[in-house]
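The values are calculated or read from the model by the stated rules, or taken from the named source; none is laboratory data. Keep in mind that what you see is a predicted model, and the values were worked out from it rather than measured. Every residue, glycine among them, receives a Cβ derived from its backbone with ideal geometry; neighbour counts consider all protein chains shown. For accessibility, only protein heavy atoms count, side chains too; no ligands or nucleic acids. Shrake-Rupley method; radii C 1.70, N 1.55, O 1.52, S 1.80 Å.
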Protein chains: 2
Amino acid sequence: MSMDQDLYLQNQLCFKLYTASRLVIRGYQPMLKDLGITYPQYLVLLVLWQANEQGQLPLSLKALGSRLHLDSGTLTPLLKRMQQLGLLSRVRSEQDERQLQIALTEQGIALAPKVKKWRETLSEGLACQQQALTQMAQQLDQFIGLLETE
Amino acid sequence: MSMDQDLYLQNQLCFKLYTASRLVIRGYQPMLKDLGITYPQYLVLLVLWQANEQGQLPLSLKALGSRLHLDSGTLTPLLKRMQQLGLLSRVRSEQDERQLQIALTEQGIALAPKVKKWRETLSEGLACQQQALTQMAQQLDQFIGLLETE
DNA sequence: ATCAATTATATTGTGCACAATCTAAATGAG
DNA sequence: CTCATTTAGATTGTGCACAATATAATTGAT
């Protein structure tokens with residue numbers, strides 16, 4: 001009847017990641033509610049804001065998906081909802097009609113400064129832990145790197 | 001037009017957590033497919049296996065939910081599916097009819113040794129990184145602690 | 001004892017994730 | 001050129017997450 005502690009929930013790295021991720025997303029809810037978007041939609045905007053600043057818009061759905069590690073089954077309906085909200089445009093490429101070109105609208109661009117203000121608030125609660133957070137972020141980068149290349 | 005790098009996707013701890021979590025879950029798919037369950041169902045089994053070993057079964061839905069940080073909206077349908085699979089039982093408490101008592105069936109108990117075997121395979125790929133993983137696990141524990149008590 | 005408040009779970013509705021499959025456009029070897 | 005192959009997205013179906021609300025059992029103050 002004995003089972004060793006390999007199978008205890010609290011010893012599982014996968015569970016820690018899953019929990020930490022969900023709790024962090026919960027922390028974003030006040031901001032997301034204010035912006036009228038969801039968390040994955042916020043991640044899409046982060047990609048598009050950076051691409052916009054670097055003159056890389058429009059971005060194909062595939063390019064967006066590879067940055068987020070999400071496929072068309074997830075992104076197609078998500079991007080349609082964001083289009084409905086007026087945050088982005090979805091247009092077929094003329095050179096290659098298979099490709100869907102995603103670009104920001106003025107309304108989508110206009111959310112960036114709001115997020116900047118919210119982030120100043122968000123970070124206060126964790127500011128004292130800055131060094132630990134930086135270290136964890138580095139380790140997560142290494143870890144994700146391992147998983148990506150497998 | 002300049003936006004500083006606070007809003008770059010790859011600088012967001014939240015995105016790293018979200019990605020790492022999803023990629024790890026993908027790594028579990030071969031095992032989960034073999035067992036015929038999903039990842040959240042696997043986490044439920046981890047809780048129940050440990051509770052069983054410690055003589056704590058049955059567990060109320062609330063007790064299960066507090067360990068997993070999940071509420072009844074998620075767990076009620078999930079546990080019904082696991083009941084359909086024959087992995088656990090759902091019975092109302094006689095002392096307090098509001099409570100739903102969850103217990104393992106023989107079939108649910110029988111999956112544990114299969115998981116043990118799969119875990120030996122899974123860990124091989126990451127074994128060389130053991131120290132880094134342990135350190136990250138500790139940091140995630142601290143981090144989750146911060147988020148839980150807020 | 002009674003009823004307002006609390007507690008445990010269920011239900012409803014929205015939005016991801018993701019596997020599996022489908023469609024249509026582009027490519028490339030012959 | 002032509003047809004098999006590849007590629008980009010869309011679609012379908014299942015199963016979470018979670019907010020909001022509903023329901024029914026229990027508790028507690030009076």
If you check every pair at least six apart or on different chains, which have Cβ atoms under 7 Å apart with a residue in region A:37-50 that is hydroxyl-bearing (Ser, Thr, Tyr) first and a residue that is buried (at least 21 other Cβ atoms within 10 Å of the Cβ) second? none
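Please work out which residue is nearest to B:Leu43 (Cα to Cα), limiting yourself to region B:54-71 and to residues that are charged (D, E, K, R) and either within 12 Å of chain A (Cβ to nearest Cβ) or free of Cβ contacts under 8 Å to residues at least 12 places away in the same chain (or both).
Step one: filter region B:54-71 for residues charged (D, E, K, R), giving B:62, B:67, B:71.
Now narrow it down to the ones that are either within 12 Å of chain A (Cβ to nearest Cβ) or free of Cβ contacts under 8 Å to residues at least 12 places away in the same chain (or both): B:67, B:71.
On the way: B:Arg67: 10, B:Asp71: 14 Å.
Out of the qualifying residues, it is B:Arg67.
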Please identify the pairs in which a residue from region B:15-32 that is farther than 17 Å from A:Gln12 by Cβ has its Cβ atom under 6 Å from the Cβ atom of a residue that is open to solvent by 20 Å² or more (accessible area, probe 1.4 Å) and not in a helix (DSSP H, G or I), counting only partners at least 6 apart or on another chain. B:Thr19/A:His69
Please specify each residue of region A:11-34 satisfying the condition of being under 15 Å from the mean Cα position of the chain (by Cα) and more than 30 Å from B:Lys116 (Cα to Cα). A:Val24, A:Ile25, A:Arg26, A:Gly27, A:Tyr28, A:Gln29, A:Met31, A:Leu32
Residues that are more than 12 Å from DNA strand D (Cβ to nearest atom) and at pLDDT 95 or above, at least 2 per element: which helices (runs of 4 or more DSSP H) completely within region B:8-116 meet that? B:29-35, B:39-53, B:61-68
Just name the residue that is farthest from the other protein chains (Cβ to nearest Cβ) out of those in region B:75-88 that are more than 8 Å from DNA strand C (Cβ to nearest atom) and open to solvent by 40 Å² or more (accessible area, probe 1.4 Å). B:Gln84
Exactly one condition in (1) open to solvent by 10 Å² or more (accessible area, probe 1.4 Å); (2) at the interface with chain A (Cβ under 8 Å from one of its Cβ atoms) is false for B:Leu17; which is it? (1)
Here the residues within region A:35-65 that are exposed (fewer than 12 other Cβ atoms within 10 Å of the Cβ) and either closer than 23 Å to B:Tyr18 by Cα or within 8 Å of DNA strand C (Cβ to nearest atom) (or both) are A:Gly36
